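The values are calculated or read from the model by the stated rules, or taken from the named source; none is laboratory data. Just so it is clear, the model here is predicted, and its values are computed rather than measured. Glycine also receives a Cβ, built like all others from the backbone with ideal geometry; neighbour counts cover every protein chain displayed. Only protein heavy atoms, including side chains, enter the accessible area calculation; ligands, DNA and RNA are left aside. Shrake-Rupley method; radii C 1.70, N 1.55, O 1.52, S 1.80 Å.
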Amino acid sequence: IYSNILKDKKLIERFYMRNHLSFDEVDIEFGKGLVLFSGASGAGKSVLLNSILGAIGQKDTNAKLSEVTFNNKINLDEFGIETDEITIFRQIKKEKTRYFINNQTISKKVITKIGKMFINSLNPREIKEFDSNQLIAIFDLIIISKNKDYKNLLSSFQEKFKNYEALKRELNILQTEINELEKREEFIKFEISKINNLAPKIGEYEELQLTKKRLSKKEKIENHIDSVEMFFDKYKTFSDIFFLMGFENEAEEIDLFFENLIARIEEIQDELSELNKIDIEQLLIRIENIAELKNRYGSIEGAIEYRKNKESELKHLEDLRKNRKTLLKKIDNIKKEILQLGEQLFDIRKKYISIFENGLNQYLELLNLGKTKITLEKLPENNFLKTGIETCKLFIENTEVFKLSYGEQNRVRLAILTLKTKFIKDEKGILFLDEIDANLSGDESMRVAKVLKELSKSYQIFAISHQPQLTSQADHHFLVYKEKRVSKVKKLVTDDERVQEIVRMVGGSDEVSNKKSQLYQFALKLIK
């Protein structure tokens, strides 16, 4: 729930904006607590609030320049951003919008992610406080504040779940690879079988071609042998000529030459005899098959290497299947452990659920809402989520919170945020509220104001209001107004300035300057 960037309470201490809609320039300094903007409709209050959010990547803004300065450094090392003594978020719009943190360029995606860690705005399209996971997370923090042993149990569950998710990711990657190999498995086997059936040997193609050539010239070779064979019986006559001449060495060389020649001719005759055993048709088919293999794989060596690689692929597929089997067993074991821990969490949560309900009811009653009922419903057997084996639902007077009106939902969200600050001492952040008290009665508005006042002890709250109740509770009150169609912002410092604005809100324009009027005295009493 918490990021380490929130070890200390962060406050927005300054906002600067230039050239945005009706605003020429705004330069405002803020303090802790409840920061309130009031003013006539159309003066630019929402534009101003959205521009602050825009500089932190939480809204789109067309300001030429907007800057938000925080009171001290924010540790953003995990995002590769250098930490300075103060932290400045900056948005500049020329042809396109660019974002910076401490003069370091940052993407919209990253600045949005960073901002969400400590900026909260009650957005009707993002009711995250009512999500089951969020409710259970808050519930768990409440239990931890009461039961120290629970933290270890919860940590064990979360660690097991983390390992389970890692194993599932590993399985998905493994299964994807298996699926890809299995698509080709039959074809790979067919290719290997085809090469194995042919059983090619390195150099075989050249030998086959030589055999083919010899077969085509076999008869001619045999005729040549027949025609010279008569000289073999008379080779001694040649050597005798040299011997009688006294050239004994040369005579011996001639004898040796003819002996080797006759032996080689005899070997050739034996080879020709072997050729008689060859089926020419089968030889030609073999040559054709080997040639096709060479064309496909580049060479016999290439075909043999291809077969070796494909056999390795099949071996790898078999290994992957074994790994999957092992991984499935691990997943099954850790799943059993998670379910056991989940049962323990569920039993403890049931014991403490009344504390959650009673704590929330205190603020719901203050906000003039009905009593709450929080239910824990087990998931179907052998199912679990990252928070446990159950889901959590929130009902107000038997109506599920998602079915309440937007105004009622916002008040419930305020109650949950305030409850967190009561049980979770480190709860902190910055909250933006745009007319949270709209369409409420005076009594309801004052109830909201009191809850926000308590919440502002932990949160820096930026709010827009047209109601005197919330305005009177502000720690810092800013008036947004127009002068010659240009929007301006003024901090109301004195009691008289604040009272005059509250009197204007309730429609007492005739009594703004009459400090003795009942309305003026009533407004003065409110802010006091």
Q: List the residues whose amide H sits under 5 Å from the amide H of Leu34, counting only those 5 or more places along or on another chain, with H placed 1.01 Å from N in the peptide plane.
A: Ile461, Asp475, His476
Q) Alpha carbon centre of the stretch 145-199 versus the stretch 334-406: separation in Å? A) 33
Q: Would you mind calculating the relative contact order of the stretch 1-107 from Cα pairs under 8 angstrom and at least 6 residues apart, reporting the percent as a whole number?
A: 24
Q. Given only helices, namely DSSP H runs of n ≥ 4 each adding -39500 (n - 2.57), what is the per-residue ellipticity at 222 nm of the chain, to the nearest 500 deg cm²/dmol?
A. -19500 deg cm²/dmol
**Q.** Test item: Cα-centred dipole of the stretch 149-190, Lys/Arg +1 and Asp/Glu -1 on Cβ, debye
**A.** 140
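Using unit Cβ charges (K, R positive; D, E negative) and no other charged atoms, how large, in debye to the nearest 20, is the dipole of the stretch 218-343 about its Cα centre?
2320
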Q: Please figure out what share of the DSSP beta bridges in the chain is antiparallel and state it in percent, rounded to the nearest 5.
A: 70
Q. Applying the Karplus parametrisation 6.51 cos²θ - 1.76 cosθ + 1.60 with θ = phi - 60° to the phi angles of the stretch 381-386, what ³J(HN,Hα) value in whole Hz is obtained for each residue in order, glycine and proline being reported as x?
A. 3, 6, 10, 7, 10, 5
Q: Determine the principal axes of the Cα atoms in the stretch 367-479, then give the extent along each, sorted from largest to smallest and rounded to whole angstroms.
A: 57, 30, 19
Q) Do any of Lys450/Lys491; Lys371/Lys528; Lys168/Lys393 go past 25 Å between their Cα atoms, and which? A) Lys371/Lys528; Lys168/Lys393
(Q) Can you tell me which lysines have their Cα less than 18 Å from the Cα of Lys217? Leave out same-chain residues fewer than eight positions away. (A) Lys277
Q) Cα convex hull of the stretch 154-284: mean projected area in nm², to one decimal? A) 17.3
**Q.** Dipole axis of the chain (+1 Lys, Arg; -1 Asp, Glu on Cβ), positive-most option in Gly407, Asn75, Ile138
**A.** Gly407
Q. How large is the charge dipole for the chain, taken about the Cα centre, if only the Cβ atoms of Lys, Arg (+1) and Asp, Glu (-1) carry charge, to the nearest 20 debye?
A. 5340
(Q) Using 29 Å as the Cα-Cα cut-off, could you pick out the over-long pairs in Lys59/Lys403; Lys218/Lys294; Lys93/Lys428; Lys45/Lys116? (A) Lys93/Lys428
Q | the stretch 122-230: trypsin sites (Lys or Arg not before Pro) in DSSP coil with no more than 16 other Cβ atoms inside 10 Å | A | Arg125, Lys201
**Q.** Two-decimal log10 I(q)/I(0) for the chain, as the Debye equation yields it once each C-alpha is a single scatterer, q = 0.07, 0.11 Å⁻¹
**A.** -0.63, -1.07
Q. Nearest 10 degrees, 0 to 90: what angle lies between the long axis of helix 406-423 and the longest principal axis of the chain (Cα atoms)?
A. 80
Q: Name the residues whose placed amide hydrogens come within less than 5 Å of the amide hydrogen of Leu379, ignoring near sequence neighbours (fewer than 5 apart) on the same chain.
A: Glu390, Thr391
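Could the peptides 100-108, 321-329, 27-35, 447-455 be put in order, highest first, of the mean number of other beta-carbon atoms found within 10 Å of their residues?
In decreasing order of mean packing, 100-108, 321-329, 27-35, 447-455 become 447-455, 27-35, 100-108, 321-329.
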Q | Top positive-direction residue, dipole computed over the stretch 362-518 with Cβ charges, set Gln518, Gly429, Thr391 | A | Gly429
Q: Could you provide, to the nearest whole Å², the per residue accessible area of the chain with probe 1.4 Å?
A: 56
(Q) Explain nothing, just compute: Karplus ³J(HN,Hα) = 6.51 cos²θ - 1.76 cosθ + 1.60, θ = phi - 60°, for every residue of the stretch 293-307 in order, whole Hz, x for Gly and Pro. (A) 5, 4, 5, 6, 10, x, 5, 5, 4, x, 5, 5, 5, 4, 4
Q) Expressed as a rounded percentage, what relative contact order does the chain have, with Cα pairs under 8 Å and six or more residues apart? A) 22
Q) How much of the accessible area of the chain, probe 1.4 Å, is carbon plus sulfur, in whole percent? A) 49
Q) Check Phe432: other-chain or 5+ apart residues with amide H under 5 Å from its amide H, H built from backbone geometry? A) Asn120, Ser121, Leu122, Phe462
Q: Could you point to the residue in Ser66, Gly54, Ile28 farthest towards the positive end of the stretch 15-74's charge dipole, with +1 and -1 charges on the Cβ of Lys/Arg and Asp/Glu respectively?
A: Gly54
